[in-house]
1. Could you compute the net charge surrounding GLY85? Neighbours are other residues with a C-beta less than 10 Å from the C-beta of GLY85; K and R count +1, D and E count -1.
2. Rounded to the nearest 0.05, what FRET efficiency do TYR109 and HIS227 have when you use their Cβ-Cβ distance and R0 = 25 Å?
3. Lys and Arg at +1, Asp and Glu at -1: add these up for the other residues within a Cβ distance under 9 Å of ARG75 and post the number.
4. Does region 163-215 come out rounded, prolate or oblate by the C-alpha gyration tensor, with a ≥ b ≥ c the root eigenvalues, rounded set by a/c under 1.5 and, if not, prolate when a/b is larger than b/c and oblate if not?
5. Provide the packing ranking of 134-140, 152-158, i.e. peptides ordered by the mean count of other C-beta atoms within 10 Å per residue, highest first.
6. Given LYS18/LYS170; LYS97/LYS163; LYS50/LYS97; LYS18/LYS222; LYS66/LYS163; LYS18/LYS50, which pairs have Cα atoms separated by over 25 Å?
7. Counting other Cβ atoms within 10 Å of each Cβ, which trypsin sites (Lys or Arg not before Pro) in region 166-235 have at most 13 and sit in a DSSP loop?
8. Tell me which lysines have Cα within less than 17 Å of LYS64's Cα, excluding those fewer than 8 residues away on the same chain?
Amino acid sequence: MNFIVEDLGLIEYERAWKLQDQYAAEIAAGTRTPTLLLLEHPHVYTFGRKGHAENLLWGEEQLKQKGIDIHWVDRGGDVTYHGPGQLVGYPLLPLGKLDSQSKLPQADYVGYVRRLEEALIAALARLGLVTGQRSGLSGVWVQADVHSRCPRCLPEDRARPAKLAAIGVKVDVHGVSRHGFALNVNPDMTYWDGIIACGLQHEPIVSLEDLLEPVPTMERVKQEVIHSFREVFGD
């Protein structure tokens, strides 16, 4: 499909969330071209539909000191972190409506998540990093041998695969996708200490800065992600 890309820069979470609603309605009505939003957020924890409050580890005072907002949202998954230095992508794509008779989707929504992962994996390969998928878990991961490069990571964590990009999506009643992916480029990784990310207590989180020297610029990462999305989702 044809789609356009809008780079929103650093934008408040709630503002971007409302913009998704507006754009998705326009796409459903046929007045807007499918759109990939690329952006960064100020520090925020978001809980999806399967979110558990106990996965927030920091109290109100620490949240205030760190300048973190909290939002409960309508995507899939549990809690995750967004912040400066993390590339967030919201693909707003028409995937197909629910069938009015069977109530089953006309499109393969699980396959859509896998294609999001594949697009990121291809982009990261061009940046010089081997990544992949994990059975039963969403997101983009590096194997333990790659994770072992991380100088700041705990020794016991470096022996395990680590998540580099998280994915959480929603498909609305009109079949238009919302939310999307969050790829850690060079964020302040200490913010992950405040949550049990995605409800996975023993799954480490890494960034490109942990694994590549020199770390690619945000602009370069955006270029590679756009290129891969055009390959995977374009005509």
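What follows is calculated from the coordinates using simple rules that are stated; it is not laboratory data. Everything quoted here is computed from the prediction, not taken from an experiment. FYI the Cβ positions are ideal-geometry reconstructions off the backbone, even for glycines, and counts take in every protein chain you see.
1. -3
2. My answer for the efficiency is 0.55.
3. On the way: positive: ARG49, LYS170, ARG178; negative: ASP74.
That sum, taken over residues with Cβ under 9 Å, equals +2.
4. Taking the square roots of the gyration eigenvalues as a ≥ b ≥ c, region 163-215 is oblate.
5. Ranked by mean Cβ neighbours within 10 Å, highest first: 134-140, 152-158.
6. LYS97/LYS163
7. none
8. Once the sequence-local lysines are set aside, nothing remains near LYS64.
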